[in-house]
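Notes follow the structure.
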Amino acid sequence: MPVEIDIDEKSVTAYISGEIDHHNAAGLRSKIDEAVENAYPEVLILDFGGVTFMDSSGIGLVMGRYKLMKNLSGKVFVENAPRQIKKVLRMAGIEKMLSEKSGKEVLV
Amino acid sequence: MKPINEMKMSFESRSCNESFARSSVAAFIAVLDPNVEELSDIKTAVSEAVTNCIVHGYKENIGKVYIHVKIFEGARIQISIKDKGCGISDVKKAMEPLYTSCENGERAGLGFSIMESFMDKLKVRSKPGKGTSVTLEKSIVSKGK
Ligand SMILES: Nc1ncnc2c1ncn2[C@@H]1O[C@H](COP(=O)(O)OP(=O)(O)OP(=O)(O)O)[C@@H](O)[C@H]1O
Ligand SMILES: [Mg+2]
């Protein structure tokens, strides 16, 4: 399960591609958490642009990272989710927030 | 009613088979010419049910997961997904949105909610100690559009 991670001053961005299911979620989780625990970012950006399939394991992944970032007083943004992936995310109330700054999807 | 086509498969409850299972069902129903959304809805629902067999039904053990797909006249699909694992004592509670028996915080408790909202029909039958059977139904209406 490929994930590329970019770290800058304030944020960690995880570019996820392929399929997010129960089988793949554990590997993704450990790579993302490792980066977050090293960088202590203010914002974690999960870029779903390359995701071709996702089930509730992906919601669990987002919610788990939300808890992690909350402990660090940070935020989680979900970006570029394709239509079908958005449909799954919506089941968890991960809604589009019309934030003037980001226009990104934020976990609410 | 008699199905016009059907397929049965079974496989071991290893997580690497989750993607194999949903892709196989998708390949079998491809003749009905579903559109992208319908196909994705079905793959997601199948993935939920199969993952539940593996994660909850059998836990650390390896058992068999059984899938039976029937296609009926009018492009109606019925998919049954079964395990012979631990079963569910309170099905009603298990089906509540956000209910999960997992305590590590990495499961959302939305599998049944997704199956219910992505498919036309969901039926769950379970007996503690015997196993669980989930039946999903959906009609393909798009004819590729
Ligand atoms: N095949 C099964 N065998 C035994 N218990 C099951 C089975 N399927 C579901 N359950 C029980 O029902 C609960 C709810 O299932 P559901 O799929 O909605 O959520 P989850 O699997 O816990 O989390 P998620 O699917 O969001 O990752 C599970 O936590 C589990 O206790
Ligand atoms: Mg589940």
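The values are calculated or read from the model by the stated rules, or taken from the named source; none is laboratory data. Note that the coordinates shown come from a computational prediction; the quantities given were computed from them, not determined experimentally. No Cβ is skipped: glycine too gets one built from the backbone with ideal geometry, and neighbour counts run over all protein chains shown. For accessibility, only protein heavy atoms count, side chains too; no ligands or nucleic acids. Shrake-Rupley method; radii C 1.70, N 1.55, O 1.52, S 1.80 Å.
Remark: B:G74 matches the filter, which requires a residue to be open to solvent by 20 Å² or more (accessible area, probe 1.4 Å) and of a type in the set (G, A, S). Once the range A:17-69 is narrowed to residues that are closer than 12 Å to A:V3 by Cα and facing chain B (nearest Cβ under 8 Å), the residue that is most open to solvent (accessible area, probe 1.4 Å) is A:R29.
Going by the structure shown, is B:K8 touching a Pro at 6+ places or on another chain (Cβ under 8 Å), in a strand (DSSP E or B), more than 14 Å from chain A (Cβ to nearest Cβ) and of a type in the set (D, E, K, R)? Answer is no for this residue. For the range B:52-66, the set of residues classified as within 16 Å of ligand 2 (Cβ to nearest atom) and among the hydrophobic types (A, V, I, L, M, F, W, C) consists of B:C53, B:I54, B:V55, B:V65, listed by residue number. Looking at A:G18, A:G50, just one residue is more than 24 Å from B:S113 (Cα to Cα) and either part of a strand (DSSP E or B) or more than 16 Å from ligand 2 (Cβ to nearest atom) (or both), and that residue is A:G50.
Residues in the range B:87-145 that are over 14 Å from B:I42 (Cα atoms) and either within 13 Å of ligand 2 (Cβ to nearest atom) or not in a loop (DSSP other than H, G, I, E, B) (or both): 26 in all.
Listed by first and then second residue, the pairs with beta-carbon distance under 7 Å, at least 6 apart or on different chains, first residue in the range B:44-58 and more than 9 Å from chain A (Cβ to nearest Cβ), second within 9 Å of ligand 1 (Cβ to nearest atom) and of a type in the set (D, E, K, R), are B:C53/B:D83; B:G57/B:D83; B:Y58/B:D83.
Candidates B:K121, B:K84: the one that is modelled with pLDDT of 95 or more, closer than 24 Å to A:G93 by Cα, more than 14 Å from chain A (Cβ to nearest Cβ) and in contact with a strand residue (DSSP E or B) (Cβ under 7 Å, 6 or more places away or on another chain) is B:K121.
Filter the range B:63-86 down to the residues that are more than 6 Å from ligand 1 (Cβ to nearest atom), among the small types (G, A, S) and under 19 Å from B:R14 (Cα atoms) and list them by number.
Start the filter on the range B:63-86 by keeping residues that are more than 6 Å from ligand 1 (Cβ to nearest atom), which leaves B:63-82, B:84.
Next, only the ones that are among the small types (G, A, S) stay: B:63, B:74-75, B:80.
The answer is B:G63, B:S80.
Just give me the residues in the range B:12-24 being polar (S, T, N, Q), assigned to a helix (DSSP H, G or I) and within 11 Å of another protein chain (Cβ to nearest Cβ), in sequence order.
Here is the first cut: in the range B:12-24, the residues polar (S, T, N, Q) are B:13, B:15, B:17, B:19, B:23-24.
Cutting the leftovers down to assigned to a helix (DSSP H, G or I) gives us B:17, B:19, B:23-24.
Of everything in the range B:12-24, those that are polar (S, T, N, Q), assigned to a helix (DSSP H, G or I) and within 11 Å of another protein chain (Cβ to nearest Cβ) turn out to be B:N17, B:S19, B:S23.
Of the residues B:A49, B:A27, B:A45, the single one that is away from ligand 2 (no atom under 16 Å from the Cβ), in a helix (DSSP H, G or I) and not polar (S, T, N, Q) is B:A27.
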